[in-house]
1. Can you list the strands (runs of 3 or more DSSP E) found entirely within the range 205-263 that contain at least 2 residues being farther than 26 Å from H14 by Cβ and touching a Lys or Arg at 6+ places or on another chain (Cβ under 8 Å)?
2. Name the single residue, out of those in the range 29-54 being touching a residue at least 40 places away in the same chain (Cβ under 8 Å) and over 17 Å from the mean Cα position of the chain (by Cα), that is farthest from F139 (Cα to Cα).
3. Please go through the range 325-352 and give me each residue that is more than 19 Å from L248 (Cβ to Cβ), part of a helix (DSSP H, G or I) and either touching a residue at least 12 places away in the same chain (Cβ under 8 Å) or in contact with a Pro (Cβ under 8 Å, 6 or more places away or on another chain) (or both), ordered by number.
4. Restricting to the range 1-28, what's the tally of residues that are more than 16 Å from the chain's Cα centre (by Cα), buried (at least 18 other Cβ atoms within 10 Å of the Cβ) and assigned to a loop (DSSP other than H, G, I, E, B)?
5. Quick one: how many residues across the range 75-112 are in contact with a Pro (Cβ under 7 Å, 6 or more places away or on another chain), surrounded by 19 or more Cβ atoms within 10 Å (Cβ to Cβ) and without any contact (Cβ under 8 Å) to a residue 60 or more places away in the chain?
6. Of everything in the range 294-325, what is β-branched (V, I, T) and buried (at least 19 other Cβ atoms within 10 Å of the Cβ)? Give them in sequence order.
7. Anything in the range 172-193 that is crowded, with 20+ Cβ neighbours inside 10 Å and either touching a Phe, Trp or Tyr at 6+ places or on another chain (Cβ under 8 Å) or assigned to a loop (DSSP other than H, G, I, E, B) (or both)? List them, or say none.
8. Return the residue satisfying two criteria in turn: it lies in the range 114-136 and is in contact with a Pro (Cβ under 8 Å, 6 or more places away or on another chain) and touching a residue at least 40 places away in the same chain (Cβ under 8 Å), and of such residues it is surrounded by the fewest Cβ atoms within 10 Å (Cβ to Cβ).
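Here, each number is a calculation from the coordinates, and none is a lab measurement. Quick caveat, the model's predicted, so the values are computed rather than measured. Virtual Cβ from ideal backbone geometry, glycine too; neighbours counted across all protein chains shown.
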Amino acid sequence: MKTIVFTGGGSGGHIYPGIAVIPYLADYRVLWIGADTGIDKDIVHKAGVLFFGIPAGKLRRYFSFRNLTDVFKIIAGFFAARAILKKEKPALLFSKGGFVSVPPVLAAASLKIPVFTHESDYSPGLATKINVRFADRVFTAYTDTARFLPQRITKKITVSGNLIRPAFYTADAAKGRAFLGVGNDERIVLVLGGSLGAQEVNELIQDSLPALTTVYTVVHQTGTLRQAAAAPRYQPFTFIHDELAHILAAAELVVGRSGAGTLWECASVGVPMVLIPLRGSGTRGDQVENARVFAQAGAALVLEERNPEALQKLIMALAANPERRRAMSSASKQIGNINGAQIIASAIKDALL
C-alpha cells in the first residue's frame with residue numbers, strides 16, 4: 001500500500017481542509033506531519049490519522065526578535081521532517097499550508113518526493129508563496145489567485161475550490177433541527193466566530209440578542225471566549241462538532257468571520273451570510289479579501305460599521321426580505337457547488353498510477 005504524507009497546521013484552517021481529502025484516499029496509507037505543539041496533534045488524531053510532530057517556527061512578514069529563534073526551529077523542522085520522510089518513504093506529499101508546512105515541503109523536494117499544495121484564501125500567504133516554488137501541482141480556491149503567484153508556475157495551477165468534509169454535501173436540515181430541539185417553523189440564525197471564537201463577534205451578538213431573538217433562534221458557536229449569557233431562543237455552544245453541517249442546512253442565515261473554511265462550508269449548503277471579517281494589524285487582510293469575493297458574487301453582505309445597531313439593521317432587513325435571501329442562497333450555492341477535496345484526491349490518485 002502506497003503512503004501519502006499530509007502536512008499543514010498552526011490552526012484548524014490548515015488542518016480540517018486536508019482531513020477532508022483523506023476519506024477519498026481509502027486505498028492509501030495516510031500520515032500527517034504537523035507542529036509538535038498546539039492543536040495539530042489533537043485534531044489529526046481525532047480524525048484517525050497517524051501524526052508526527054516536528055519543531056515549527058513561524059514565518060513573519062514584520063520584524064520580531066522571535067524571528068531569530070524561529071529560524072532555528074525551521075531548520076530543526078526541516079531535518080526532523082526529512083528523517084520522517086526517509087523512513088516512511090511516501091509516494092507523494094500534500095501540503096495544506098501554514099508555517100509548519102514549509103519544512104516538510106522543502107524536505108520532500110530534497111528527496112525528490114512529488115509535492116502537491118493547496119491555497120484556501122483569495123491571496124496566498126507567505127508559506128504558500130514558498131511552497132509553490134517546490135510543488136509539482138498547485139491547487140487554488142479562486143481563479144484570480146494565480147495572479148499573486150509566479151508566472152512560471154501557471155501551468156501547474158488547478159482551480160479546485162476549497163476543501164470541506166464530505167458531510168457538508170449530505171447535510172440534513174431535519175437532523176440539525178432535531179439536535180437543537182426546535183420545530184420546522186422555527187427560524188434559525190447561526191453565528192460562527194471560528195474554532196477558537198472571536199471576541200468582537202461574540203460581543204456584537206450578545207448586545208444584539210434582544211432584537212434578534214424576536215425573530216430567530218440564535219445558535220452561537222462561541223469558541224473558548226464563551227460569554228455567560230442566558231436568553232430565550234439563544235443556544236450557545238463552545239464548539240459544534242459533527243452536527244455543524246446539519247445546523248448549517250437548517251439555518252436561514254449565517255453570521256460570522258470570513259475564514260476560507262467557514263465561507264465554503266456555508267456555500268456548500270447554499271446559506272446566505274453576513275460577514276464580519278477579521279481586520280487590523282494582527283492579520284494580513286485575507287479575511288477582508290475573502291469576504292469581498294463572496295459579497296461581489298451576491299452570496300454575502302459585509303458588516304462595515306462594527307456596532308450592534310448596524311448588525312441588527314442588516315440582519316432584520318434580510319429577515320424581512322425572503323426574495324433577497326433566496327438570491328443570496330442561489331449565489332452561495334453556485335460558489336460551493338464544487339467538491340475540491342474530491343478533485344484533489346483524484347489528482348493524487350492519477351499521479352500515483
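1. The strands (runs of 3 or more DSSP E) meeting that bar are 217-221.
2. I54
3. Scanning the range 325-352 gives Q342, I343, I344, A345, S346, A347, I348, K349, A351.
4. 1
5. Within the range 75-112, residues that are in contact with a Pro (Cβ under 7 Å, 6 or more places away or on another chain), surrounded by 19 or more Cβ atoms within 10 Å (Cβ to Cβ) and without any contact (Cβ under 8 Å) to a residue 60 or more places away in the chain number 3.
6. Correct list: I315 only.
7. I188, V189, G193 - these are the residues of the range 172-193 that are crowded, with 20+ Cβ neighbours inside 10 Å and either touching a Phe, Trp or Tyr at 6+ places or on another chain (Cβ under 8 Å) or assigned to a loop (DSSP other than H, G, I, E, B) (or both).
8. Across the range 114-136, the extreme among qualifying residues is D136.
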